[in-house]
Amino acid sequence: MKLWLARHAQPLIASGICYGATDVPADAKATLDAAQNLSLALPLGLLVLTSSLQRCELLKHSLQALRPDLSFKTDAHLVEMNFGTWEGQRWDAIAQAELARWTDNFGAHACGGAESVGQFMARVGEVWDETVAAGQDCVWITHAGVIRAASLLAQGIRTPSHAQQWPHQAPGFGQWREMEI
């Protein structure tokens, strides 16, 4: 089976800001461009699961207008990681000691007091397991962190034991990755 992991378009927030689960919109023109490109790549009749954050919902609505043959379902499990009190801060303004506590205990430390990587991976793992069990080609419209988590899940890694395991590569804004499962 094939899974398309599509990332939302460029969010309307300054570069360098930790915005994770913050519900910021995406650039409308970039979203339409992404939807047009994605609509040409997808086969007929797929199920599309979408993060509930508006930057993904906008891509869903744009794709829906172009591809009425697709089925769409919003799934909150596909929301980006919640960084708690770090949300809205510049990454370079977050205390180095706090970042070190996170990377030193990568799977269990709750970033900004909200969600740990282990909790995030478990949440994404639920929709991963459902997708795999369904055995049907599928599309996720989601975020870079979720796509990175899916990369680990595809390798059988449910919670990375150290920060170096976390994938650095993710599709750019408005792009996607195809994964054979």
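The values are calculated or read from the model by the stated rules, or taken from the named source; none is laboratory data. Computed from a predicted structure; not experimentally measured. Note that each Cβ is placed from the backbone with ideal geometry, even for glycine, and that neighbours are counted across all protein chains shown.
General remarks:
- Screening Glu180 on (1) surrounded by 14 or more Cβ atoms within 10 Å (Cβ to Cβ); (2) in contact with a strand residue (DSSP E or B) (Cβ under 7 Å, 6 or more places away or on another chain); (3) within 18 Å of Leu3 (Cα to Cα) shows it passes everything except condition (1).
- Residue list for region 15-42, filter: charged (D, E, K, R), surrounded by 13 or more Cβ atoms within 10 Å (Cβ to Cβ) and in a helix (DSSP H, G or I): Asp33
- Count - residues of region 43-77 that are among the basic types (Lys, Arg) and part of a helix (DSSP H, G or I): 2
- Residue in region 47-70 that is basic (Lys, Arg), surrounded by fewer than 20 Cβ atoms within 10 Å (Cβ to Cβ) and within 26 Å of Met121 (Cα to Cα) present: no
- Boolean, Glu80 is at pLDDT 95 or above, assigned to a loop (DSSP other than H, G, I, E, B) and closer than 17 Å to Ile141 by Cα: yes
- Scanning region 114-172 for residues that are outside any helix (DSSP H, G or I) and among the hydrophobic types (A, V, I, L, M, F, W, C), we see that the one that is surrounded by the most Cβ atoms within 10 Å (Cβ to Cβ) is Ile141.
- Within region 72-104, the set of residues being among the small types (Gly, Ala, Ser) and over 16 Å from the mean Cα position of the chain (by Cα) comprises Gly84, Gly88, Ala93, Ala95, Ala97, Ala100.
- Against the conditions (1) modelled with pLDDT of 95 or more; (2) over 25 Å from Gly174 (Cα atoms); (3) in contact with a His (Cβ under 8 Å, 6 or more places away or on another chain); (4) not aliphatic (A, V, I, L, M), Ser51 satisfies every one except (2).
- The listed residue being under 23 Å from Ala28 (Cβ atoms) and touching a residue at least 40 places away in the same chain (Cβ under 8 Å), out of Val132, Val117, Val124, Val146: Val146
- From Ala154, Ala133, Ala110, Ala149, residue being closer than 30 Å to Asn37 by Cα, among the small types (Gly, Ala, Ser) and touching a helix residue (DSSP H, G or I) at 6+ places or on another chain (Cβ under 8 Å): Ala149
- Leu99 satisfies every condition listed in (1) in contact (Cβ under 8 Å) with a residue 12 or more places away in the chain; (2) outside any loop (DSSP other than H, G, I, E, B); (3) closer than 28 Å to Ser15 by Cβ; (4) hydrophobic (A, V, I, L, M, F, W, C) except (1).
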